[in-house]
Amino acid sequence: MERNRSRQAFEEACRHIPGGVNSPVRAFRSVGGVPVFVEKAEGSRLWDIDGNEYIDCIGSWGPMILGHASPLLTGPIQSLAQAGISYGLPTTGETQMAALIGRAYPCAELVRMVNSGTEATMSAIRAARGYTGRDKILKFEGCYHGHSDCLLVKAGSGALTFGTPTSPGVPSDVVKNTLVARYNDLASVRALFEANPGQIACVILEPIAGNMGLVPGKAEFLAGLRQICDAEGALLIFDEVISGFRSAWGGAAQVYGVTPDMVCFGKIIGAGMPVGAYGGRRKIMEMVSPAGPVYQAGTLAGNPLAMGLGLTLLGHLGAHPEVYQSLEEKGRYLAEGLRAIVGTRPWYVAQSGSLLTLFFAPGPVECYEDAAKSDTELFARWHRRMLEAGVLLAPSQFECIFLSQAHTKADLDAILNAAESALKGE
Ligand SMILES: Cc1ncc(COP(=O)(O)O)c(C=O)c1O
């Protein structure tokens, strides 16, 4: 497969953009080789600028749940744009979006639009701190909530540590109030509450984690977090940037029947436009400016194109619950096929609805420590061979396969055939 144009484009990009990309994972550093520079995408397919065609399993990291360039969304773009691209003033679309999110997530009595998932989680935490009057927050090792300072924390060693910044540029002072527990481990959460009585404002997590590879929260873990938060007067925040409107219309909260106090969204609510939102119980959200004293703002927040496309997509998903059934069937089919290929090898296939990860580590993978046992060299070889066979996987072991409505059974069989050859002899 020729990729000369992509190579040249990357070299040129590196002269103008740090590392040649605008988000690190796109640089393909953990798998090697040349990043895919995209020419266009349609349905389940994506073409690079060398003319190579791929079955896309990234789907813009989630929002392309109907596949790329769905006519449902490309149709209204022009008329939306003709009415103006941005006003920085209120529109009724923003209210409709907030009301729609409130229908899908009854806990989201008030909703504020922002421009990214990063902003959503950062702002939700500010509101939670303002509401509770507490400074400390509790997150989980392996959960990613965007790149704001206080959330850019990886656990040190073990589950019960205070945060240390993952990145230079984040002062340790800023993360001294970030506590890190082990995912799917209630004892690690209880221990942190015991050590910090009356000080923890909120527990934030991906209820279906997608940023250490796919690691679904266990039902008893999520229910236990709800109980602990209630008992301790802390808020429970679900980061549903990946799982929202994907795992079900009401996201992981609906799948597990656990109601958070606050919820955060990203890309999917704008159908792939740059957008995010956070919402929660009225009393909490009334802390947010100008209703209350917690400041948070955004010139482009609630952009009319993003609202228009998002309302169309989410409205469609709400009116067609069979989409979720079919995504679940596709996810299971691919997972079962992959498990058959894995056979007795010490690897693990995780699947939840339309999300999957093949871990090159023994299962079950229930937390970051388990995921981190993966053979990432083997993942890199697999990734390169799959790409060569025309299957575009997320370029890291610690990401998911995102399936869409546009993936056909023939696509899934093609992915499985490619996987079987790519893993032969490993
Ligand atoms: C669960 C989760 N939260 C937050 C974010 C940050 O979103 P964004 O990249 O839009 O800032 C991401 C990004 O992938 C995510 O997966």
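Only residues that are away from the ligand (no atom under 14 Å from the Cβ) and either within 22 Å of the chain's Cα centre (by Cα) or farther than 30 Å from Gly224 by Cβ (or both): list them for the stretch 257-295, please.
Within the stretch 257-295, Gly257, Val258, Thr259, Asp261, Gly279, Gly280, Ser289, Pro290, Ala291, Gly292, Pro293, Tyr295 meet the criteria.
Return only the number of the condition from (1) open to solvent by less than 10 Å² (accessible area, probe 1.4 Å); (2) touching a Phe, Trp or Tyr at 6+ places or on another chain (Cβ under 7 Å); (3) farther than 17 Å from Leu338 by Cα that Tyr368 does not satisfy.
(1)
I'm trying to understand the selection: among the residues of the stretch 343-352, which are in contact (Cβ under 8 Å) with a residue 60 or more places away in the chain, surrounded by 14 or more Cβ atoms within 10 Å (Cβ to Cβ) and not hydroxyl-bearing (Ser, Thr, Tyr)? Please lay out each step first, then the result.
Of the residues in the stretch 343-352, the ones in contact (Cβ under 8 Å) with a residue 60 or more places away in the chain are 345, 350-352.
Retained after the next criterion (residues that are surrounded by 14 or more Cβ atoms within 10 Å (Cβ to Cβ)): 350-352.
Of everything in the stretch 343-352, those that are in contact (Cβ under 8 Å) with a residue 60 or more places away in the chain, surrounded by 14 or more Cβ atoms within 10 Å (Cβ to Cβ) and not hydroxyl-bearing (Ser, Thr, Tyr) turn out to be Ala350, Gln351.
Please specify each residue of the stretch 353-369 satisfying the condition of being more than 20 Å from Tyr333 (Cα to Cα) and without any contact (Cβ under 8 Å) to a residue 40 or more places away in the chain.
Ala361, Pro362
For the structure I just gave you, tell me whether Tyr333 is touching a Ser or Thr at 6+ places or on another chain (Cβ under 9 Å), surrounded by fewer than 21 Cβ atoms within 10 Å (Cβ to Cβ) and among the aromatic types (Phe, Trp, Tyr). Break it down stepwise before answering.
Working: touching a Ser or Thr at 6+ places or on another chain (Cβ under 9 Å): no; surrounded by fewer than 21 Cβ atoms within 10 Å (Cβ to Cβ): yes; among the aromatic types (Phe, Trp, Tyr): yes.
Taking the combined requirement at face value, the residue does not satisfy it.
If I ask for residues that are away from the ligand (no atom under 16 Å from the Cβ) and not acidic (Asp, Glu), which ones from the stretch 199-224 would you list?
Gln199, Ile200, Ala201, Lys218, Ala219, Phe221, Ala223, Gly224
Would you be able to say whether some residue in the stretch 74-88 is within 16 Å of the ligand (Cβ to nearest atom) and farther than 30 Å from Gly331 by Cβ? Walk me through how you get there before you give the answer.
Residues of the stretch 74-88 that are within 16 Å of the ligand (Cβ to nearest atom), as a first pass: none.
Looking through the stretch 74-88, none of the residues is within 16 Å of the ligand (Cβ to nearest atom) and farther than 30 Å from Gly331 by Cβ.
Could you check Gly67 against (1) open to solvent by 60 Å² or more (accessible area, probe 1.4 Å); (2) farther than 30 Å from Arg190 by Cβ; (3) not charged (D, E, K, R) and say which number it fails?
The number of the failed condition is (1).
Do we have any residue at all in the stretch 335-354 that's in the same structural domain as Ala394 (by TED's automatic domain parsing), of a type in the set (Phe, Trp, Tyr), in a helix (DSSP H, G or I) and over 16 Å from Ile65 (Cα atoms)?
Within the stretch 335-354, not a single residue is in the same structural domain as Ala394 (by TED's automatic domain parsing), of a type in the set (Phe, Trp, Tyr), in a helix (DSSP H, G or I) and over 16 Å from Ile65 (Cα atoms).
Starting from residues that are outside any helix (DSSP H, G or I) and of a type in the set (Val, Ile, Thr), keep the ones in the stretch 88-123 and report whichever is farthest from Met285 (Cα to Cα).
My answer is Thr91.
Sort out which residues of the stretch 274-295 are surrounded by fewer than 19 Cβ atoms within 10 Å (Cβ to Cβ) and not small (Gly, Ala, Ser), and write them in order of number.
Those that are surrounded by fewer than 19 Cβ atoms within 10 Å (Cβ to Cβ) and not small (Gly, Ala, Ser): Pro274, Arg281, Arg282, Lys283, Glu286, Pro290, Pro293, Val294, Tyr295.
Considering each residue of the stretch 383-393, count those that are crowded, with 22+ Cβ neighbours inside 10 Å and either of a type in the set (A, V, I, L, M, F, W, C) or part of a loop (DSSP other than H, G, I, E, B) (or both), and give that number. I'd like the intermediate steps shown before the answer.
Taking the stretch 383-393 and keeping what is crowded, with 22+ Cβ neighbours inside 10 Å, we get 383, 386-387, 391-393.
Okay, now just the ones that are also either of a type in the set (A, V, I, L, M, F, W, C) or part of a loop (DSSP other than H, G, I, E, B) (or both), so 386-387, 391-393.
Counting residues in the stretch 383-393 that are crowded, with 22+ Cβ neighbours inside 10 Å and either of a type in the set (A, V, I, L, M, F, W, C) or part of a loop (DSSP other than H, G, I, E, B) (or both) gives 5.
Under 9 Å by Cβ, and 6 or more places apart or on different chains, what pairs join a residue from the stretch 273-284 that is more than 24 Å from Leu309 (Cβ to Cβ) and in contact (Cβ under 8 Å) with a residue 60 or more places away in the chain with one that is more than 11 Å from the ligand (Cβ to nearest atom) and among the aromatic types (Phe, Trp, Tyr)?
Gly280/Tyr131; Lys283/Tyr131; Ile284/Tyr131
Tally time: how many residues in the stretch 122-144 are within 14 Å of the ligand (Cβ to nearest atom), modelled with pLDDT of 95 or more and in contact with a helix residue (DSSP H, G or I) (Cβ under 6 Å, 6 or more places away or on another chain)?
0
Filter the stretch 36-51 for residues that are free of Cβ contacts under 8 Å to residues at least 60 places away in the same chain and not basic (Lys, Arg) and give the result.
Residues satisfying the conditions are Phe37, Val38, Glu39, Ala41, Glu42, Trp47, Asp48, Ile49, Asp50, Gly51.
Within the stretch 124-134, how many residues are closer than 15 Å to Ala277 by Cβ and either surrounded by fewer than 24 Cβ atoms within 10 Å (Cβ to Cβ) or outside the structural domain of Met287 (by TED's automatic domain parsing) (or both)?
Within the stretch 124-134, residues that are closer than 15 Å to Ala277 by Cβ and either surrounded by fewer than 24 Cβ atoms within 10 Å (Cβ to Cβ) or outside the structural domain of Met287 (by TED's automatic domain parsing) (or both) number 1.
Kindly indicate the residue of the stretch 296-308 that is buried (at least 19 other Cβ atoms within 10 Å of the Cβ) and more than 16 Å from the ligand (Cβ to nearest atom) and also nearest to Arg226 (Cα to Cα) among those meeting that condition.
Met307
Which members of the stretch 226-249 meet the condition of being buried (at least 24 other Cβ atoms within 10 Å of the Cβ) and either under 24 Å from Val323 (Cα atoms) or away from the ligand (no atom under 16 Å from the Cβ) (or both)?
Ala234, Leu235, Phe238, Asp239, Glu240, Val241, Ile242, Ser243, Gly244, Phe245, Arg246, Ser247
The values are calculated or read from the model by the stated rules, or taken from the named source; none is laboratory data. These numbers were taken from a predicted model, which means no experiment stands behind them. Methodologically, a virtual Cβ is constructed for each residue, glycine included, from the backbone with ideal geometry; neighbour enumeration extends over all protein chains shown. Only protein heavy atoms, including side chains, enter the accessible area calculation; ligands, DNA and RNA are left aside. Shrake-Rupley method; radii C 1.70, N 1.55, O 1.52, S 1.80 Å.
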